[in-house]
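Trainee: Okay, here's the structure, questions in a sec.
The values are calculated or read from the model by the stated rules, or taken from the named source; none is laboratory data. None of these values were measured; they are calculated from a predicted model. Backbone-built Cβ (ideal geometry, glycine too); neighbour counts: all protein chains shown.
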Amino acid sequence: MSRLRARWAATMLAPAPPVRLAVVRILTGLFALWYICKYDRWLSEFEGLSARVFAPIGLTSHLHAPLPDATVMALGIATTVAGVLFTLGLLWRLSGPAFALLLLYTMTYRNSWSMVFHHENMLVLHVLILGFLPAAGVLAIDPWLRRRWPRLGWMGATPALDPQPRWQIGWGLKLLQIGATVPYVVAGVAKVNGKAGWAWALGDNLRDQVLMNGIYYELLMGGAKAITAVSIHWTWAWVLLAAGTLVLEFGAPLALLGGRWAVGVVVGLIGLHWGILWIMGIHFDYQLFGVAFACFVPWERLARLSRRSPRPHPAGTGSHLRES
Amino acid sequence: MLTLGLVLAILAPIHPALRGQRGDSFPLSWYPMFSRPRPALESVDYVIALTAAGERHIVHSKHHVRGAMNQARRQLNRLARRGQHAQDLCEQVAQRFSQRRRGTMAEVVQIWFVRGKFDLHQYFTDGPEGPKREKIHWACQVPDRAVFRVPQRGEIYHFGEAP
């Protein structure tokens, strides 16, 4: 038992350098900003649609009607501004939690119009975790500000962090990794808990889901993807796709062990999302571009690698020749 | 403790009692997509436009609801539940089409908001066919166009299927 506990502690509390968490902060912040800015009216998209299709969930369950337009606009602006500060690592003690909570609220509000966008869950969960971690001690504006104006601490600026690995950073990254993998287990359980049970792995359910998706595209969006009609003739492919999906979903937490496990699981999950895009046209952008799995990457090693293998410098070659 | 709390919070929606008032929540979800077995005949809510010659045209969801496909289908599903909401949607589309002076939509005389039942395998194997049957949520006349009998809410039309 004590050996298991020691193994658990060694896995969960393995030290990591602050630069790793800082890179994840920057990538996640940039993605969140891109995501909310790519829609012209990301929060007011449903403005004027009336309360008929408003179905508040989660944090917005207290609402009985849609928010006034001015409030929605103010929330949208505040979230974007907090997102910029979050990404820059500016006034982190305020901007980190502020962006985490604002994004949680505004995204929940966006999901309160009769449809939950499951591709937004992980992004919000990650920002929520990141916002309360010491992720702006390096590669951020705060340390520079604190060096110049030490008194700015009261405004929420964090001091520079020692670049040496520390368990707090490693643990923070593990929380992010849990947020990136455990939801897949929930999705896997939902599949085998349904009427099909473990027979879900035979692929019929998955194929029918793809066809259903196709008919909705036909009747609502002007046409289904051409692959929908082709895929109905696949037989063994559906078994492979369904069984592979279950293996990946239930096996996702193995990535927490790191090393080859993490590489295998992350590559598999990114492949799963590209497959969903190809067959069903559903964009899980956060996972597709790999940002969701940035917490698995030892960024400091990549930086070291790029420093170790420079291209031969013409001036260097020249001086060597001169010496000889 | 925090680590365990996070894991338990993410896993919590596996239990039906912890899925929120509406059966799913955000950002903690039980990811119900792909889990439900599909029925033999799939029900879909959609809007069609009919010309005086009896031609049927599917109306793109951008004319009556907002958002991408999944959001559009959920909104239509919700609007179909109440006659007043279905009527509002139908009349909104009819009003919009009454202003068209060119193209197919200028020939449309009626708008139907319906729930169709489709055999998905047949639809994608034998080529796009119409629904097996269609139930009217609401139907309305396009203003200032030829007048025909407008079906009533709840009327059912059968296509190649025994009633």
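Trainee: Identify, from the list A:Leu125, A:Leu139, A:Leu91, the residue that is within 20 Å of A:Cys37 (Cα to Cα) and either more than 18 Å from the chain's Cα centre (by Cα) or within 11 Å of another protein chain (Cβ to nearest Cβ) (or both).
Mentor: A:Leu125
Trainee: Could I ask something else about it? Have a look at A:Val182, A:Val186, A:Val266 and point out the one that is facing another protein chain (nearest Cβ under 9 Å), without any contact (Cβ under 8 Å) to a residue 40 or more places away in the chain and under 20 Å from the mean Cα position of the chain (by Cα).
Mentor: None of the others qualify; the one that does is A:Val186.
Trainee: Within region B:20-29, restricting attention to residues that are within 24 Å of the chain's Cα centre (by Cα) and at pLDDT below 90, which residue is farthest from the other protein chains (Cβ to nearest Cβ)?
Mentor: B:Gly23
Trainee: Follow-up. Among the numbered conditions (1) more than 8 Å from every other protein chain (Cβ to nearest Cβ); (2) more than 26 Å from B:Glu129 (Cβ to Cβ), tell me where B:Ser35 comes up short.
Mentor: Result: B:Ser35 fails condition (1) only.
Trainee: Mind checking which residues of region B:60-91 are in a loop (DSSP other than H, G, I, E, B) and within 9 Å of chain A (Cβ to nearest Cβ)?
Mentor: Those that are in a loop (DSSP other than H, G, I, E, B) and within 9 Å of chain A (Cβ to nearest Cβ): B:His60, B:Val65, B:Arg66, B:Gly67, B:Ala68, B:Arg82.
Trainee: Against the conditions (1) crowded, with 16+ Cβ neighbours inside 10 Å; (2) over 17 Å from A:Gly188 (Cα atoms); (3) among the small types (Gly, Ala, Ser), where does B:Ala40 fall short? Just the number, please.
Mentor: Going through the list (1) crowded, with 16+ Cβ neighbours inside 10 Å; (2) over 17 Å from A:Gly188 (Cα atoms); (3) among the small types (Gly, Ala, Ser), B:Ala40 breaks only (1).
Trainee: Moving on to the next point. For region B:145-152, state whether one or more residues are outside any helix (DSSP H, G or I), within 19 Å of the chain's Cα centre (by Cα) and over 20 Å from B:Pro39 (Cα atoms).
Mentor: Looking through region B:145-152, at least one residue is outside any helix (DSSP H, G or I), within 19 Å of the chain's Cα centre (by Cα) and over 20 Å from B:Pro39 (Cα atoms).
Trainee: Could you grab me the full set of residues in region B:92-121 that are out of contact with any Pro (no Cβ under 6 Å at 6 or more places or on another chain), within 14 Å of another protein chain (Cβ to nearest Cβ) and touching a residue at least 24 places away in the same chain (Cβ under 8 Å)?
Mentor: B:Gln92, B:Val93, B:Thr104, B:Met105, B:Trp112, B:Phe113, B:Val114, B:Arg115, B:Asp119, B:Leu120
Trainee: Could you check A:Val265 against (1) modelled with pLDDT under 95; (2) more than 30 Å from B:Ala40 (Cβ to Cβ); (3) in contact with a Gly (Cβ under 8 Å, 6 or more places away or on another chain) and say which number it fails?
Mentor: Checking A:Val265 against (1) modelled with pLDDT under 95; (2) more than 30 Å from B:Ala40 (Cβ to Cβ); (3) in contact with a Gly (Cβ under 8 Å, 6 or more places away or on another chain), the one that fails is (1).
Trainee: Another question, if that's okay. Scan B:Ala52, B:Ala17 and give me the residue that is more than 9 Å from chain A (Cβ to nearest Cβ), loosely packed, with under 15 Cβ neighbours inside 10 Å and in contact with a strand residue (DSSP E or B) (Cβ under 9 Å, 6 or more places away or on another chain).
Mentor: Of B:Ala52, B:Ala17, the one residue that is more than 9 Å from chain A (Cβ to nearest Cβ), loosely packed, with under 15 Cβ neighbours inside 10 Å and in contact with a strand residue (DSSP E or B) (Cβ under 9 Å, 6 or more places away or on another chain) is B:Ala52.
Trainee: If you don't mind, there's one more thing I want to ask. If only one of A:Leu94, A:Leu161 is assigned to a helix (DSSP H, G or I) and either buried (at least 21 other Cβ atoms within 10 Å of the Cβ) or at pLDDT 95 or above (or both), which one is it?
Mentor: A:Leu94
Trainee: Mind checking which residues of region B:110-163 are surrounded by fewer than 12 Cβ atoms within 10 Å (Cβ to Cβ), more than 20 Å from B:Ala52 (Cα to Cα) and of a type in the set (A, V, I, L, M)?
Mentor: Scanning region B:110-163 gives a single hit, B:Ala162.
Trainee: Checking the structure you have, find out if any residue of region A:225-233 is over 25 Å from the mean Cα position of the chain (by Cα), within 7 Å of chain B (Cβ to nearest Cβ) and assigned to a helix (DSSP H, G or I).
Mentor: Within region A:225-233, one or more residues are over 25 Å from the mean Cα position of the chain (by Cα), within 7 Å of chain B (Cβ to nearest Cβ) and assigned to a helix (DSSP H, G or I).
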